[in-house]
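The values are calculated or read from the model by the stated rules, or taken from the named source; none is laboratory data. Here the structure is a predicted model, which means the values were calculated and not measured. Cβ placement follows ideal geometry from the backbone for every residue including glycine, while neighbour counts extend to all protein chains displayed.
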Amino acid sequence: MSKTVRGSQELFPDCTAVKSNYYPGNKNIAGYIQKIINEIPPADTFLEMFAGSGTVSNILFVRSGKIKHFHLNDISLSITERFNYPSGSTVTNKSFSDLIQSLLSFPAGKDIFLFCDPPYLHETRPSSTDIYEYEMSDHDHVEFLHLIRNIDNNCMITHPACDLYDRTLYGWRTKDVKVRYHNKTSLERIYMNYDHPGELAIYDMVGTDCWDRQRIKRKINRRLESLKALPAAERNYFLDQVKSIYFSAGSTTDEINCTISDKQ
């Protein structure tokens, strides 16, 4: 079931460091940004291929220590000069084809998470007019999709649901959200080539909606208050048990989940 949110509702107004500079296609929308963030696992490098204002990278940078490096790419030099990105980021101005080819040349196993929010197909926009300095033709979209399917890294693509993307990315996991743009509703689809991650880059957006996130936050706060109220020895014993179950040396997420099931 999808939920409609308004495209004008910015959840984190400070994510684009230059607030007065509006960027069309910005994913800083309440209800949409949470769905994106709640599907992103930790990674050595987080790479935005069509960076724009860099909203997702900026949120992850401020709130997470689980991503070591950020790489923001936008073919438009004027865009990368206009917005401030996470400190220490690599910033490039490559075409999507050049960037994907460089990724394909990396050694297998390099931990890069790829986030792609390309300019939408004109036929899927509320208005079919050009809005970017560098637009993508239908042929460009076909080329992009066929190249991206060869990527071994975890990859997320955001785009309105449409036949081209659904057919080409058949087998990819998807999440939907309805977004209201200029009195028209767009069914936005998040395409992912990986299973739902057992571990997330950040957790403070976990929940199906604002009420569920509030419920989770209150629940966690109650548990923390109970933990604080324990005598020091009992609290440390509890923490030691948590560490031994969840954070044993070299444990993978799957191994941890198995251990939890065994303990239940």
>> As an exercise: evaluate residue 158 against (1) touching a Phe, Trp or Tyr at 6+ places or on another chain (Cβ under 9 Å); (2) modelled with pLDDT under 95 and give the number of the one condition it does not meet.
In response: (2)
> How many residues are exposed (fewer than 14 other Cβ atoms within 10 Å of the Cβ) and either part of a loop (DSSP other than H, G, I, E, B) or touching a Pro at 6+ places or on another chain (Cβ under 6 Å) (or both) when one looks only at region 63-83?
Replying inline: 1
> Going by the conditions given, is residue 218 surrounded by fewer than 16 Cβ atoms within 10 Å (Cβ to Cβ) and within 24 Å of residue 31 (Cα to Cα)?
Replying inline: yes
>> Of everything in region 125-144, what is surrounded by fewer than 19 Cβ atoms within 10 Å (Cβ to Cβ) and either of a type in the set (S, T, N, Q) or assigned to a helix (DSSP H, G or I) (or both)? Give them in sequence order.
In response: 127, 128, 129, 137, 138, 139, 140, 142, 143
>> For the condition in a helix (DSSP H, G or I) and among the basic types (Lys, Arg), what is the one hit in 215, 180, 189?
In response: 215
> Among 99, 121, which is in contact (Cβ under 8 Å) with a residue 40 or more places away in the chain, farther than 19 Å from residue 57 by Cβ, of a type in the set (A, V, I, L, M) and buried (at least 18 other Cβ atoms within 10 Å of the Cβ)?
Replying inline: 121
> For residue 97, are the conditions met, namely being over 15 Å from the mean Cα position of the chain (by Cα), assigned to a loop (DSSP other than H, G, I, E, B) and in the same structural domain as residue 46 (by TED's automatic domain parsing)?
Replying inline: no
> Among (1) under 17 Å from the mean Cα position of the chain (by Cα); (2) within 22 Å of residue 41 (Cα to Cα), where does residue 160 come up short?
Replying inline: (2)
> From the list 212, 163, which one is under 23 Å from residue 125 (Cα atoms), out of contact with any strand residue (DSSP E or B) (no Cβ under 7 Å at 6 or more places or on another chain) and not aromatic (Phe, Trp, Tyr)?
Replying inline: 163
